[in-house]
Amino acid sequence: MASYSFLLFIIFIASTPIFLKTNAKLSPKHYSKTCPNALSIVKAGVIAAIKKETRIGASLLRLHFHDCFVNGCDGSILLDDTANFIGEKTAAANNNSVRGFEVVDAIKAKLEKACPKVVSCADILTLAAHDSVVYLGGPSWKVGLGRRDSTTASRSAANNSIPGPTFSLSALISSFSAEGLSLKNLVALSGSHTIGLARCTTFRSRIYNDTATIDASFAKSLQRKCPKSGNNNKLADLDLRTPFHFDNFYYKNLVKNKGLLHSDQALYNRSSADSLVRKYATDTDAFFKDFAKGMIKMGNIKPLTGSKGQIRINCRKVNS
Ligand code: HEM
Ligand SMILES: *[C@@H]1O[C@H](CO)[C@@H](O)[C@H](O)[C@H]1NC(C)=O
Ligand SMILES: *[C@@H]1O[C@H](CO)[C@@H](O)[C@H](O)[C@H]1NC(C)=O
Ligand SMILES: *[C@@H]1O[C@H](CO)[C@@H](O)[C@H](O)[C@H]1NC(C)=O
Ligand SMILES: *[C@@H]1O[C@H](CO)[C@@H](O)[C@H](O)[C@H]1NC(C)=O
């Protein structure tokens, strides 16, 4: 008898850290009693915004990524600068680059009317990323909810934790690994670049200097848009084939040396990542499954739960 309860004790102890690690506190049903219309309000806001400007779906997806990589998915990217901190909006990866804040504000205003102080800004970002992917033709997944919002933000943390377009494969792997994400997660989540746009300044060195890993005519056509100097903000499609459709053309491009960013092509450049790229290039189903898994894992990065953080009333400001 004694050994039986000892065994139970061991099982309990052994399972506890696993339980904590999976962030069981996030639940797709988090708002089902407190704000039953939350999911439909966010979805309607996202669809209206995409109908107005197709690109905004991509921008909303990226906002969630840039939120989660900086001290977890806590809505910190949405905070404007204050006397106490310089926020993340002007960090290297974000300045003149991240967009979609007005869409989040409009959704938040509707949520505050329907259920004041209930739905966090961090959860709006997670849901908006999901709804954008689905609306543009990508996979769906169960979105865990219950994240709370940070009361601070950090430009230096954003500078240090968001990967850049000139990163090598090993730098990308380190960056993702620091967030608990695997090589498979890196390759699958980079498939986000099947939608949206990038500025000349982010791919200039690639189109002039990556001669060994770039299709020559692809490079040439981009050089017309993006001269050696100037035109920094000129935009190019991250996926030259179907820039506003969430599909696996991103990977089909990589196997033809037509990745726009150096960090894209780094995933298909004679390494252990090549086989994943080839798999996703030929198997949309495998890509969609691994993308959904990756999004769930990214969305679980260090959420604030319980009594940590707050539910912001205005996503740009800490509650006074
Ligand atoms: C692997 C490392 C990554 C790097 C180095 C990277 C870098 C970039 C860069 C430089 C741009 C263009 C920004 C501009 O010119 O203003 C961009 C755009 C974008 N990124 Fe990434 N990214 C990475 C991973 C991801 C991930 C994991 C996601 C989403 C889960 C994502 C989603 C997007 C989207 C959707 C766009 C287009 C945004 C728009 O059109 O507004 N990226 N990325
Ligand atoms: C972060 O990046 C911005 C823009 O590149 C830069 O101005 C700033 O000095 C960097 N460091 C910190 C700590 O904010
Ligand atoms: C952000 O961009 C603006 C406009 O181009 C620029 O004036 C400012 O110096 C940039 N801030 C940082 C920190 O790089
Ligand atoms: C290409 O590389 C050379 C040598 O490293 C460098 O001087 C030049 O600025 C780079 N060109 C671009 C457009 O990045
Ligand atoms: C491809 O690999 C070579 C050799 O390691 C490296 O010099 C180059 O920068 C890589 N290119 C990309 C786009 O990753």
Inside the range 56-85, the number of residues satisfying the requirement of being more than 16 Å from ligand 2 (Cβ to nearest atom) and under 8 Å from the mean Cα position of the chain (by Cα) is 7
Log entry, pairs with first residue in the range 150-177 being within 29 Å of residue 320 (Cα to Cα), second being of a type in the set (Ser, Thr, Tyr), beta carbons closer than 6 Å, six or more apart or on different chains, reads 150/76; 153/76
Here the residues within the range 126-148 that are in a helix (DSSP H, G or I) and not β-branched (Val, Ile, Thr) are 127, 128, 129, 130, 131, 132, 135
Among the residues of the range 95-112, the number that are buried (at least 21 other Cβ atoms within 10 Å of the Cβ) and near ligand 3 (Cβ under 9 Å from one of its atoms) is 0
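What residue, among those in the range 153-178 that are part of a loop (DSSP other than H, G, I, E, B) and crowded, with 19+ Cβ neighbours inside 10 Å, is nearest to ligand 4 (Cβ to nearest atom)?
Among them, the one singled out is 165.
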Within the range 162-196, the residues that are farther than 11 Å from residue 298 by Cα and among the polar types (S, T, N, Q) are 166, 168, 170, 174, 175, 177, 190, 192, 194
Reported set for the range 47-85 where residues are polar (S, T, N, Q) and part of a loop (DSSP other than H, G, I, E, B) is 54, 71, 82, 84
If we ask which residues in the range 179-210 are assigned to a helix (DSSP H, G or I), within 16 Å of ligand 5 (Cβ to nearest atom) and under 21 Å from residue 231 (Cα atoms), their number turns out to be 8
Selection from the range 21-46 of residues exposed (fewer than 14 other Cβ atoms within 10 Å of the Cβ), modelled with pLDDT under 95 and part of a loop (DSSP other than H, G, I, E, B) yields 22, 24
Given the condition loosely packed, with under 14 Cβ neighbours inside 10 Å, in contact with a helix residue (DSSP H, G or I) (Cβ under 8 Å, 6 or more places away or on another chain) and outside any loop (DSSP other than H, G, I, E, B), answer yes or no: does some residue in the range 238-250 qualify?
no
Requiring at least 2 residues that are surrounded by fewer than 20 Cβ atoms within 10 Å (Cβ to Cβ), the helices (runs of 4 or more DSSP H) wholly within the range 259-306 are 274-282, 284-299
Does residue 233 count as in contact with a strand residue (DSSP E or B) (Cβ under 6 Å, 6 or more places away or on another chain) and either surrounded by fewer than 17 Cβ atoms within 10 Å (Cβ to Cβ) or touching a residue at least 60 places away in the same chain (Cβ under 8 Å) (or both)?
yes
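The values are calculated or read from the model by the stated rules, or taken from the named source; none is laboratory data. Note that the structure is predicted; figures quoted are calculated from it, not measured. Glycine gets a Cβ as well: all are built from the backbone with ideal geometry, and neighbour counts include every protein chain shown.
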